[in-house]
Amino acid sequence: MGRRLDLHPQKKLRNPGRHLRSLASWASDPHSWLPESQALEAWGGRYWHYKVPIHDKLVSSRDTTPAIRAAVAQCLLDAAGNVSKAVVLSRKCRVACLINPDNLFSSEVTIFFDDEYFDGFCPPIEYGTTRREPFTVSTAPASIDLVSAWGLCVPKELVDFGGYQVWEHEDGEPNATRVSHSWVFAEPAFQ
């Protein structure tokens, strides 16, 4: 099962139920897409991730529904919970699910090998601003609860770290502000 970009935006996605069943199957069997434990042990990076394997049109088109988007988010949470049970490494790691409800196509299941790097994805406790040329990025805790708003069931292996809002302001373009939301669900501690 792979990711597909929308090359024909005017066409409607056929049979979304089939795509959701395929995604649920993917989520229930992480051994079919996870690298071998030896490969993950040898991986020298600070994280390993797998983006949600769906057709972009399933979650980004005018034909998608809130129920479809919630089903995709639930499959991501289920996949992260199953990865948490399946991954046995001698190297310390933390399994997480990063959900971006504004762009579900960019959501992912991630295995973090660096606690400090993971902390960079956690929601801020209060409003803050960071300067990244040519942008100013502002963050704040999210104003809604994704779990209750979408009716999600968080697997017992994961903890809801919460969500946050991000505003990106491009210099010289006052009307070019992008707003997005992100939620982090992860194991409570490195294991």
Exercise. Just one of the numbered conditions (1) loosely packed, with under 13 Cβ neighbours inside 10 Å; (2) within 30 Å of residue 167 (Cβ to Cβ); (3) not acidic (Asp, Glu) is not true of residue 107; which one?
Worked result: (1)
Problem set entry | Identity of the residue in the stretch 47-84, of a type in the set (Asp, Glu) and in a helix (DSSP H, G or I), that ends up farthest from residue 30 (Cα to Cα) | 56
Exercise. Which residue, of 71, 39, 24, 86, is among the hydrophobic types (A, V, I, L, M, F, W, C) and closer than 16 Å to residue 154 by Cβ?
Worked result: 71
For this session: Output the residue which, of all residues in the stretch 147-178 that are more than 14 Å from the chain's Cα centre (by Cα), surrounded by 12 or more Cβ atoms within 10 Å (Cβ to Cβ) and modelled with pLDDT under 90, is nearest to residue 69 (Cα to Cα).
Result: 165
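So that you can scan it fast, the table gives a plain yes or no per residue for (1) closer than 17 Å to residue 158 by Cβ; (2) part of a loop (DSSP other than H, G, I, E, B); (3) at pLDDT 90 or above:
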position: 97; (1), (2), (3): yes, no, yes
position: 121; (1), (2), (3): yes, yes, no
position: 125; (1), (2), (3): no, yes, no
position: 131; (1), (2), (3): no, no, no
Exercise. Just to be sure, is residue 96 touching a helix residue (DSSP H, G or I) at 6+ places or on another chain (Cβ under 6 Å) and within 18 Å of residue 190 (Cβ to Cβ)?
Worked result: no
Seminar exercise, completed: If we keep only residues of the stretch 84-97 that are of a type in the set (A, V, I, L, M) and buried (at least 23 other Cβ atoms within 10 Å of the Cβ), then the residue farthest from residue 145 (Cα to Cα) is 95
Exercise. Can residue 18 be described as more than 29 Å from residue 188 (Cβ to Cβ), of a type in the set (Lys, Arg) and at pLDDT 90 or above?
Worked result: yes
For this session: Would you point out the residue of the stretch 85-126, among those that are β-branched (Val, Ile, Thr) and more than 17 Å from the chain's Cα centre (by Cα), that is farthest from residue 37 (Cα to Cα)?
Result: 125
Problem set entry | Test: residue in the stretch 56-68 that is free of Cβ contacts under 8 Å to residues at least 60 places away in the same chain, at negative phi, buried (at least 21 other Cβ atoms within 10 Å of the Cβ) and not hydrophobic (A, V, I, L, M, F, W, C) | yes
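The values are calculated or read from the model by the stated rules, or taken from the named source; none is laboratory data. Because the structure is predicted, anything quoted here is derived from the model rather than measured. Every residue, glycine as well, gets a Cβ built from its backbone with ideal geometry; the counts of neighbours run over all protein chains shown.
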